[in-house]
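Undergrad: Handing you this structure, nothing more for now.
The values are calculated or read from the model by the stated rules, or taken from the named source; none is laboratory data. Keep in mind that this is a model prediction, so the values were computed, not measured. Glycine also receives a Cβ, built like all others from the backbone with ideal geometry; neighbour counts cover every protein chain displayed. Just the protein is used for accessible areas: all its heavy atoms, side chains included, with ligands, DNA and RNA removed. Shrake-Rupley method; radii C 1.70, N 1.55, O 1.52, S 1.80 Å.
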Amino acid sequence: MLCQSCKERQATVHETEIVAGGDMREVHLCEECANAQNVGTPMGVMSLLSGAFAHPAEPDASSGPGKLACSSCQLVYADFRQQGRLGCPTCYDVFADALDPLLEKIHGQRVHIGKAPGRFSSQARLSHRRVVELRKRLQRLIDDENYEEAAVLRDELHGLEDAAREAASASIQTPDDAGTSEDTVASDDLGKAEG
Amino acid sequence: MDTVTDYGGDHAAGGEWLSGTGPEAEIVISSRVRLARNLAGHRFLSRAEPTEREDIEREVRTALEGVNFPDEMVYLDLNKARQLDADLLVERHLISRELARGEGPRAVCYSSNEAVSIMVCEEDHLRVQVLRSGLQLDAAWQFADQIDDAIGERLEYAFSSRYGYLTCCPTNVGTGIRASVMLHLPALVYTKHIDRVFAAGAKMDLAVRGLYGEGTQATGDFYQISNQKALGRSEDELLSTLNDLVPQFVAYERKVRDALLKGDRAALEDKVWRGLALLRAARTVSSDEALELLSAVRLGRNLELLPPELTTELLNELFMTAQPAHLQRFSTGEQEPKERDIHRANLMRKKLGEAH
C-alpha cells in the first residue's frame, strides 16, 4: 500500500496507536515520511506522551529542567525530550526529578522492584528471591487444586510486591542522595569514555 | 565460539521455537522474553562516539566468549555481513530490523537451535532474547534469567536501586523485560471479533500488534501481544498478566472456531480448501498473499478439514521459507519481487502437492 503522507512511495512503517479509550488509529508511511514525522521511533513515543498527556507538574522543555545538562555526557534535558533517548547512566540521576513524572506516565510506577544484578546485594534482590519462591509455591497449590490456601498465598504475594514498592520509594531520600548513592553503578567512570 | 560474517545455518526451516511442539502451539505459535541491558561506565549508544562503540562491542563479545552456554553459539559480525544475511536473521526473528539496517559495530550472538539470540549494540548495548514454541513464557524467562546472570558475572551492568536496569529509552527501564507471545487468530479475524482482543489488551497494559507492527487485519492473522510496562513490577508480575490473559484469548479463538464449524461448516470448508487450491495451482504468489493463504490452510488443518500430511511442521517451514530473504538465500539468489513471486509460487506447489 502507498504511504498515507506522500502517496508516492510504498508504506513500510505500520503503526497502530491505541489512544485513551481503546480506540485505534492506523498509520501507514514510507520510511522517509516516517522519519520526517518521527513515527515508529522512540521520538514518536515521546511526542505522543508530551502531546497527549500535558501535566502541570511536568517540567516544560523550555523552562529550568529543559536546560539541565548531564554532568557526564552533557546531554541537555530538552534534547532528551526531543529524541526520547537518554545519553548515559548518570542522566538518570541528574534528570531524576523530571524523569519521575514521566516514568509514572509510561509505567504507572517510578521505582524498580524485581531482579538486581548478582554483585548487587539489595532489597530488590531479596524481594525478587522471595517472590520467586512464593510463586512456585502458589503454582503447586493451584496444581493440587488447593484453592483456599492459594488465595491466601496470592494475597501474601500482592502484599509483598506492594511492600517492595514502598520500600524502594522510601529508600529514595532526596534527589541529592539518589545522585550520590553508591547504588548507582560506576556512573562516575564516564570520564574515560570521553577520551 | 566462532565469529562469523554470514549466516551458516543449513536448515531453511525455522529454529526450534517454530517446531509447533510447545503447549497450545496451534494457536500460540511462540513465546519470547527479551531483556535489555547496558554496561556501566559507558554512554548509551545514542550518545557514544564510534571509538566508544567499538569498545562496547569488544567488551560484550569478550564477555560472551567467556560464558558457558548450554548450546553451541555463533557470533555474527553484522557490520561485515551481507544485507541479505541480516534480513534473513530478521525473518527468523533473531534480530530486529533496526539492528539489520543499522550502522557501525554491531553483532548478534545466537545458538545453533536459534532459541537464544543476543543482540549487541542495537538500541541498548545488549538485548538477550529467548524463544520457545507455544505458551512457555515462564521457561523462556527462566532461561533468559540464567543467561543474564552468567553474562552479569563478566560484565558490570548499569543499574540503580531506584530505577533498576538503566536503558537508553525510559520505556524499557527497570526490569528491561519485554515478554510477548505470537498468536494465530484466524477465526476471530474472520468473524470480526479481533477488536475485542485489542480492547482487552489495552485495558491490561498489553500491546497488541500484527506480525509487522500493523493493526487490525494483520498479515497472516498473526498477532503479537506484549507487556508495555517494565518498571515497578517484578518480572514475575509482568509475566503473570500475559499468562492470565493469553489462555483467555486462546479459549475465545477456539470457541469461535467451534461456532463456525457448527454454524456454517460449508463456508469454512470452502475458505480453507480454496486457500490450499490456490497455493497448489497459482503461478505467482506475493509474500502477503502466501501468509494469507497459509493462514487459511493452517486453520483448515487445525480443524481437521484438510488432509493430515499438511503438518504443523510443514506449514511453519513454509511460513519461514516463503519470506523474501529466505527465498533469495535458499532458492533463488538475489532477485526482484516479481521473480520472487514466481519462485514462491513454485515452492508452494512443490511442497503442498501440485494440483494436476
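Undergrad: With respect to residue B:312, is the statement that it is modelled with pLDDT of 90 or more and surrounded by 15 or more Cβ atoms within 10 Å (Cβ to Cβ) true? Talk me through it step by step, then tell me what you get.
TA: Details: modelled with pLDDT of 90 or more: no; surrounded by 15 or more Cβ atoms within 10 Å (Cβ to Cβ): yes.
No: the conditions fail for residue B:312.
Undergrad: Quick one: in segment B:169-190, which of the residues that are under 20 Å from the mean Cα position of the chain (by Cα) and away from chain A (no Cβ under 14 Å) is farthest from residue B:268 (Cα to Cα)? Steps first, please.
TA: First, pick out the residues of segment B:169-190 that are under 20 Å from the mean Cα position of the chain (by Cα): B:172, B:176-186.
Going one step further and asking which of them are away from chain A (no Cβ under 14 Å), we end up with B:180-186.
Numbers: B:180: 30, B:181: 26, B:182: 23, B:183: 20, B:184: 16, B:185: 15, B:186: 11 Å.
Only one residue tops the list, namely B:180.
Undergrad: Here are B:81, B:150, B:100, B:158: which of them is without any contact (Cβ under 8 Å) to a residue 60 or more places away in the chain and either more than 30 Å from residue B:251 (Cα to Cα) or out of contact with any strand residue (DSSP E or B) (no Cβ under 7 Å at 6 or more places or on another chain) (or both)? Let's see the steps before the verdict.
TA: Working: B:81 fails: without any contact (Cβ under 8 Å) to a residue 60 or more places away in the chain; B:150 fails: without any contact (Cβ under 8 Å) to a residue 60 or more places away in the chain; B:158 fails: without any contact (Cβ under 8 Å) to a residue 60 or more places away in the chain.
Of the residues listed, the single one that is without any contact (Cβ under 8 Å) to a residue 60 or more places away in the chain and either more than 30 Å from residue B:251 (Cα to Cα) or out of contact with any strand residue (DSSP E or B) (no Cβ under 7 Å at 6 or more places or on another chain) (or both) is B:100.
Undergrad: List the pairs whose first member sits in segment A:143-163 and is farther than 11 Å from residue A:131 by Cβ and without any contact (Cβ under 8 Å) to a residue 12 or more places away in the chain, whose second member is among the aliphatic types (A, V, I, L, M) and surrounded by 14 or more Cβ atoms within 10 Å (Cβ to Cβ), and whose Cβ atoms are under 8 Å apart, counting only residues at least 6 apart or on separate chains?
TA: From segment A:143-163, the pairs are A:147/A:141; A:149/A:141.
Undergrad: Within segment B:201-238, count every residue that is within 19 Å of the chain's Cα centre (by Cα), closer than 22 Å to residue B:96 by Cα and not hydroxyl-bearing (Ser, Thr, Tyr).
TA: 17
Undergrad: Among residues belonging to segment B:113-144 that are under 16 Å from the mean Cα position of the chain (by Cα) and part of a loop (DSSP other than H, G, I, E, B), point out the one that is surrounded by the fewest Cβ atoms within 10 Å (Cβ to Cβ).
TA: Step one: of segment B:113-144, the residues under 16 Å from the mean Cα position of the chain (by Cα) are B:113-119, B:127-137, B:140-141, B:144.
Now restrict to residues that are part of a loop (DSSP other than H, G, I, E, B): B:113-115, B:134-136.
On the way: B:113: 15, B:114: 21, B:115: 19, B:134: 21, B:135: 24, B:136: 24.
If we take residues in segment B:113-144 being under 16 Å from the mean Cα position of the chain (by Cα) and part of a loop (DSSP other than H, G, I, E, B), then B:113 is surrounded by the fewest Cβ atoms within 10 Å (Cβ to Cβ).
Undergrad: Let me ask something else. Pairs needed: first member in segment B:231-250, farther than 14 Å from residue A:135 by Cα; second member anywhere, assigned to a helix (DSSP H, G or I); C-beta distance under 7 Å; at least 6 residues apart or different chains.
TA: B:231/A:103; B:231/A:107; B:232/A:107; B:232/A:165; B:242/B:137; B:245/B:200; B:249/B:197
Undergrad: Within segment A:116-131, identify whether any single residue is under 19 Å from the mean Cα position of the chain (by Cα) and modelled with pLDDT of 80 or more, and answer yes or no.
TA: Yes, segment A:116-131 has at least one match.
Undergrad: On the given criteria, is residue B:162 farther than 30 Å from residue B:26 by Cβ and either more than 14 Å from chain A (Cβ to nearest Cβ) or among the basic types (Lys, Arg) (or both)? Walk me through it before giving the result.
TA: Numbers: farther than 30 Å from residue B:26 by Cβ: yes; either more than 14 Å from chain A (Cβ to nearest Cβ) or among the basic types (Lys, Arg) (or both): yes.
Yes: the conditions hold for residue B:162.
Undergrad: Looking only at segment B:145-187, how many residues end up being of a type in the set (Ser, Thr, Tyr) and in a strand (DSSP E or B)?
TA: Residues of segment B:145-187 that are of a type in the set (Ser, Thr, Tyr), as a first pass: B:157, B:160-161, B:163, B:165, B:167, B:171, B:175, B:180.
With the extra rule that they be in a strand (DSSP E or B), the set shrinks to B:157, B:160, B:165, B:180.
Final tally of qualifying residues: 4.
Undergrad: I'd like to check something: does segment A:14-36 contain any residue that is modelled with pLDDT under 75, open to solvent by 90 Å² or more (accessible area, probe 1.4 Å) and closer than 24 Å to residue B:167 by Cβ?
TA: Yes - at least one qualifying residue is present in segment A:14-36.
Undergrad: Keeping to segment B:77-99, report how many residues are under 18 Å from residue B:14 (Cα atoms) and open to solvent by less than 60 Å² (accessible area, probe 1.4 Å).
TA: So the answer is 13.
Undergrad: Filter segment B:204-235 down to the residues that are more than 7 Å from chain A (Cβ to nearest Cβ), outside any loop (DSSP other than H, G, I, E, B) and either open to solvent by less than 10 Å² (accessible area, probe 1.4 Å) or more than 20 Å from residue B:259 (Cβ to Cβ) (or both) and list them by number.
TA: If the condition is that a residue be more than 7 Å from chain A (Cβ to nearest Cβ), outside any loop (DSSP other than H, G, I, E, B) and either open to solvent by less than 10 Å² (accessible area, probe 1.4 Å) or more than 20 Å from residue B:259 (Cβ to Cβ) (or both), then B:206, B:207, B:208, B:210, B:219, B:220, B:222, B:223, B:224, B:225, B:226, B:227 are the ones that fit.
Undergrad: Right, here's the next one. Pick from B:274, B:280: which is of a type in the set (Lys, Arg), over 25 Å from residue B:193 (Cβ atoms) and either assigned to a helix (DSSP H, G or I) or open to solvent by 40 Å² or more (accessible area, probe 1.4 Å) (or both)?
TA: On the way: B:274 fails: over 25 Å from residue B:193 (Cβ atoms).
Of B:274, B:280, the one residue that is of a type in the set (Lys, Arg), over 25 Å from residue B:193 (Cβ atoms) and either assigned to a helix (DSSP H, G or I) or open to solvent by 40 Å² or more (accessible area, probe 1.4 Å) (or both) is B:280.
Undergrad: Out of curiosity, is residue B:122 at pLDDT 95 or above and either out of contact with any strand residue (DSSP E or B) (no Cβ under 8 Å at 6 or more places or on another chain) or within 12 Å of another protein chain (Cβ to nearest Cβ) (or both)?
TA: Yes: the conditions hold for residue B:122.
Undergrad: Kindly provide the set of residues from segment A:106-115 that are farther than 23 Å from residue B:154 by Cβ, open to solvent by less than 20 Å² (accessible area, probe 1.4 Å) and either more than 7 Å from every other protein chain (Cβ to nearest Cβ) or modelled with pLDDT under 90 (or both), ordered by number.
TA: Across segment A:106-115, the qualifying residues are A:111, A:113.
Undergrad: Can you name the number of the only condition in (1) at the interface with chain A (Cβ under 10 Å from one of its Cβ atoms); (2) over 18 Å from the mean Cα position of the chain (by Cα); (3) under 30 Å from residue A:73 (Cβ atoms) that residue B:147 fails?
TA: Just one mismatch for residue B:147, condition (1).
Undergrad: From the set of residues in segment B:5-57 that are among the basic types (Lys, Arg) and touching a residue at least 12 places away in the same chain (Cβ under 8 Å), which is nearest to the other protein chains (Cβ to nearest Cβ)? Steps first, answer last, please.
TA: We begin by selecting, within segment B:5-57, every residue among the basic types (Lys, Arg); these are B:32, B:34, B:37, B:43, B:47, B:53.
Right, trim to touching a residue at least 12 places away in the same chain (Cβ under 8 Å) and you get B:32, B:34, B:37, B:53.
Working: B:32: 18, B:34: 14, B:37: 9, B:53: 11 Å.
Per the stated criteria, the residue is B:37.
Undergrad: Which one is farthest from residue B:152 (Cα to Cα), of the residues in segment B:21-54 that are touching a Ser or Thr at 6+ places or on another chain (Cβ under 6 Å) and open to solvent by 20 Å² or more (accessible area, probe 1.4 Å)?
TA: Within segment B:21-54, the match that is farthest from residue B:152 (Cα to Cα) is B:21.
Undergrad: Moving on. Within segment A:70-105, can you find the residues that are open to solvent by less than 40 Å² (accessible area, probe 1.4 Å), more than 7 Å from chain B (Cβ to nearest Cβ) and hydroxyl-bearing (Ser, Thr, Tyr)? If you could, list the steps in order and put the result at the bottom.
TA: Going residue by residue through segment A:70-105, those that are open to solvent by less than 40 Å² (accessible area, probe 1.4 Å) are A:70, A:72-73, A:75, A:77-78, A:80-81, A:84, A:86-93, A:95-96, A:98-103.
Keeping just the survivors that are more than 7 Å from chain B (Cβ to nearest Cβ) gives A:70, A:72, A:77-78, A:80-81, A:90-91, A:93, A:95-96, A:98, A:100-101.
Matches in segment A:70-105: A:72, A:77, A:90.
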